[in-house]
Amino acid sequence: MSKIEKMSILGVRSFGVEDKDKQVITFFSPLTVLVGPNGAGKTTIIECLKYITSGDFPPGSKGNTFVHDPKDAHETDVRAQIRLQFRDVTGEQVTVQRSMQSTQKGKKTEFKTLEGVITRMKHGERVSLSSKCAEIDREMIAALGVSKAVLNHVIFCHQEESNWPLSEGKALKQKFDDIFSATRYIKVLDTLRQLRLKQANTVKSCQMELRYLKQNKEKAQEIRDLLTSKESQLAVSKESVQHVEGQIEPLENRLMDIDNNLSKVMKLDNDIKALDSRKKQMEEDNRELEEKMEQVFQGSDEQLQEMYQNHQRTVREKERRLEACQRDTERANRECQRLNRLKSELLVEQGRLQLQSDCQAQNVRNRDSLVKSLASYLEMEGYERAPFNERQLRSFHQQVKERQDRETEAANQAMRDLQEKEATKQQSIDDIRDKKTGLERTVALKRDLQNKRQQELRNARGDLQQLEGSSARLQELEQELSKAERELENAVQSSDVDGLKAEVQELQAEKAQLDRAQRKLDQEMETLNAHTKTRTEMDMLKKDKTDKEEQVRKIRSRHNEDLTSLLGYFPNKKQLEDWIHSKNREINLTRDKLYKLSWRASPGPSRGGAETDSEEETANLALILKELRDVEEVLGLAWQKKGFVWNNNKINLDHDYPPEIMAMRKEYTEARRALKEKNLRFRTLYPARLKVFFEEGVSTYNTVEEATAGPGEAGTPG
């Protein structure tokens with residue numbers, strides 16, 4: 001149980017701000033009584049206990065009135081400090097300190113809370129915890145073991161709030177709920193109810209699983225009993241097999257002895273037959289020699305032996321010569337084989353060179369046809385008859401380049417002339433427009449003057465009608481009338497309305513002509529812009545073609561040796577596709593044949609254990625081949641659909657591009673994300689371009705900057 005021991009107060013309400021004014025209150029057990037007159041600070045002690053434990057100020061105070069007034073202390077800044085020493089729920093000594101500051105600025109007082117510290121003794125060492133690192137209010141509640149509601153409404157209840165049990169029902173219920181933690185109790189009940197429902201569902205699922213497990217157990221028991229009976233039958237069969245093998249073993253031994261004797265007899269018989277045949281052969285040889293002998297040697301045995309040795313030496317000499325001739329023949333054969341291999345290699349090289357020659361001839365014919373068509377298109381003479389030599393081609397290239405430079409210079413000159421004409425025409429249009437505006441203003445002024453004169457004439461006629469009784473007035477009016485008519489005639493003659501109208505019509509006709517000329521110039525500008533765009537696209541295509549040719553050259557140099565060693569020559573695209581197609585067809589035929597052979601093989605009753613293992617391996621191989629074919633078909637369908645779903649995950653299939661192109665395509669990630677947010681359909685083209693389908697049309701962006709600027713705007717085609 002927690003226990004309050006001491007509290008020191010400095011600079012709070014009527015307590016002084018000097019160190020000598022610090023008051024220390026010691027709390028005794030089991031009861032401490034505070035006695036003093038009004039204003040002595042009894043309520044301040046309770047308020048300090050409430051603030052140091054819960055962090056709440058007294059009711060109606062925001063801190064300004066809780067600290068000693070700076071005006072009374074004749075100071076600008078006043079610091080207040082409250083220290084409390086107590087023992088927490090574990091019995092350990094804890095010291096807490098809270099500080100405040102009140103500053104007088106003119107007629108306004110500012111209040112702020114300073115850093116608070118909690119100090120504990122752990123293992124003989126003092127450990128401090130600052131309010132910058134933790135929440136002191138929560139630490140105090142945990143150390144005292146009492147909730148904040150009990151501290152505020154029961155233990156340290158202010159005298160102004162001591163009648164809260166007589167407050168209205170809603171507020172009273174709220175305070176009782178805070179004191180007894182009724183809301184937490186209700187939440188605990190709800191949690192228990194949810195846990196009970198969850199555990200009930202778990203029990204139901206476990207019961208269902210238990211029922212299935214019982215069924216599986218019964219089936220397992222049946223299978224175990226069946227396995228036991230089969231094992232007993234197998235043991236009986238093994239015993240019978242062993243008994244039969246015991247009976248067969250002596251018979252096999254006897255059979256082996258008989259086979260050995262039979263083989264000896266057959267060997268002797270063969271030896272006898274061989275000797276008989278040898279005897280017959282020797283008799284025949286002797287008879288043939290006797291028939292071939294022209295004369296019988298009449299000399300002695302020594303002479304015959306000497307003649308025989310001479311004959312043997314002659315035979316050995318001829319054998320040595322024969323061996324030398326054979327070695328020469330073998331050497332000649334090896335040389336012939338080497339020459340044949342060299343011949344085959346030269347034939348392969350001849351085929352490759354012939355293929356290159358044919359390709360070169362075809363390229364030359366295509367080049368000559370292109371040169372001829374381009375020369376006829378450009379009206380260049382001397383290129384009507386092919387083939388062309390190098391001098392003609394250099395001349396043609398030089399002429400085309402000069403023609404291109406002239407056309408480019410002419411186009412640039414035409415562009416500059418058109419720009420100058422456009423500026424001149426625009427200046428003349430502006431001048432005519434200003435002149436027209438001035439004339440229109442003059443015509444308006446003349447028309448206003450004419451209307452004014454006509455109005456004066458009508459007024460004069462009205463006055464004349466009113467004053468026709470007075471002859472003098474009539475003469476005066478007639479003079480004024482004649483004067484007004486003369487002025488009107490002069491105004492009409494000076495205005496020349498018809499001339500102005502004709503001039504306005506001429507100016508309008510000239511304006512229309514200038515507008516037509518401007519539209520024509522705009523069309524020419526659009527054509528030049530189209531030509532410029534086409535030329536830019538042509539340059540990009542040429543660059544793309546160069547890059548692709550470089551890639552083709554690298555791939556060709558990388559695989560040249562392999563393809564040449566495999567095919568005997570370097571194939572073109574069609575030949576390589578045909579060769580791959582034929583090899584794939586052969587592989588598929590071999591797979592089908594192996595698959596059919598493996599499924600035709602069925603185990604027979606007369607086959608032994610080795611044959612059974614071979615059949616099992618064949619069957620397993622057939623199953624593996626069938627699975628591989630199924631996987632190939634599935635991957636083919638997935639490639640057609642550009643992806644498939646595996647374990648609720650979408651897996652996309654794409655081409656195997658080089659790392660450089662993949663890095664370029666990856667730069668469009670932000671642009672693609674922006675398009676997805678706008679629900680716009682798009683496609684990434686080779687090698688790294690973005691095609692966007694807008695409602696107004698389709699746009700293709702060649703760089704990341706264009707794609708970022710285009711889709712990121714109003715969503716219109718770029």
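The values are calculated or read from the model by the stated rules, or taken from the named source; none is laboratory data. Given the structure is predicted, the values throughout are model-derived calculations rather than measurements. Cβ: placed from backbone, ideal geometry, glycine included. Neighbour counts: every protein chain shown.
Got at least one residue in region 80-91 being surrounded by fewer than 17 Cβ atoms within 10 Å (Cβ to Cβ), modelled with pLDDT of 80 or more, acidic (Asp, Glu) and not in a helix (DSSP H, G or I)?
Within region 80-91 (the criterion being surrounded by fewer than 17 Cβ atoms within 10 Å (Cβ to Cβ), modelled with pLDDT of 80 or more, acidic (Asp, Glu) and not in a helix (DSSP H, G or I)), the answer is no, since none of the residues qualifies.
Is at least one residue of region 35-44 charged (D, E, K, R) and surrounded by 16 or more Cβ atoms within 10 Å (Cβ to Cβ)? Before you say what the answer is, go through the steps one by one.
First pass over region 35-44, keeping only residues charged (D, E, K, R): 42.
Subsequent filtering for residues that are surrounded by 16 or more Cβ atoms within 10 Å (Cβ to Cβ) retains none.
Looking for residues that are charged (D, E, K, R) and surrounded by 16 or more Cβ atoms within 10 Å (Cβ to Cβ), one finds none in region 35-44, hence no.
When residues of region 688-705 are filtered for being buried (at least 16 other Cβ atoms within 10 Å of the Cβ) and part of a loop (DSSP other than H, G, I, E, B), how many remain? Before the answer, list the steps.
At the first step, the residues of region 688-705 found to be buried (at least 16 other Cβ atoms within 10 Å of the Cβ) are 688-690, 692, 694, 699, 701, 704.
Then keep just the ones that are part of a loop (DSSP other than H, G, I, E, B); that gives 688, 694.
Matching residues across region 688-705 total 2.
Which residues, taken from region 454-479, are touching a helix residue (DSSP H, G or I) at 6+ places or on another chain (Cβ under 9 Å) and at pLDDT 80 or above?
Within region 454-479, Gln454, Glu456, Leu457 qualify.
Tell me which residues, restricted to region 347-370, are of a type in the set (D, E, K, R) and surrounded by 11 or more Cβ atoms within 10 Å (Cβ to Cβ).
Glu349, Arg352, Arg365, Arg367, Asp368
Does region 411-425 hold any residues that are free of Cβ contacts under 8 Å to residues at least 24 places away in the same chain and of a type outside the set (A, V, I, L, M), and which are they?
Matches in region 411-425: Asn412, Gln413, Arg416, Asp417, Gln419, Glu420, Thr424.
What are the residues in region 5-30 that are more than 10 Å from Cys48 (Cβ to Cβ), hydrophobic (A, V, I, L, M, F, W, C) and modelled with pLDDT under 85, if any?
Val17 - this is the single residue of region 5-30 that is more than 10 Å from Cys48 (Cβ to Cβ), hydrophobic (A, V, I, L, M, F, W, C) and modelled with pLDDT under 85.
Given the options Lys20, Lys3, name the one that is of a type in the set (Lys, Arg) and either closer than 16 Å to Ile155 by Cα or in contact with a helix residue (DSSP H, G or I) (Cβ under 8 Å, 6 or more places away or on another chain) (or both).
Details: Lys20 fails: either closer than 16 Å to Ile155 by Cα or in contact with a helix residue (DSSP H, G or I) (Cβ under 8 Å, 6 or more places away or on another chain) (or both).
Among Lys20, Lys3, only Lys3 is of a type in the set (Lys, Arg) and either closer than 16 Å to Ile155 by Cα or in contact with a helix residue (DSSP H, G or I) (Cβ under 8 Å, 6 or more places away or on another chain) (or both).
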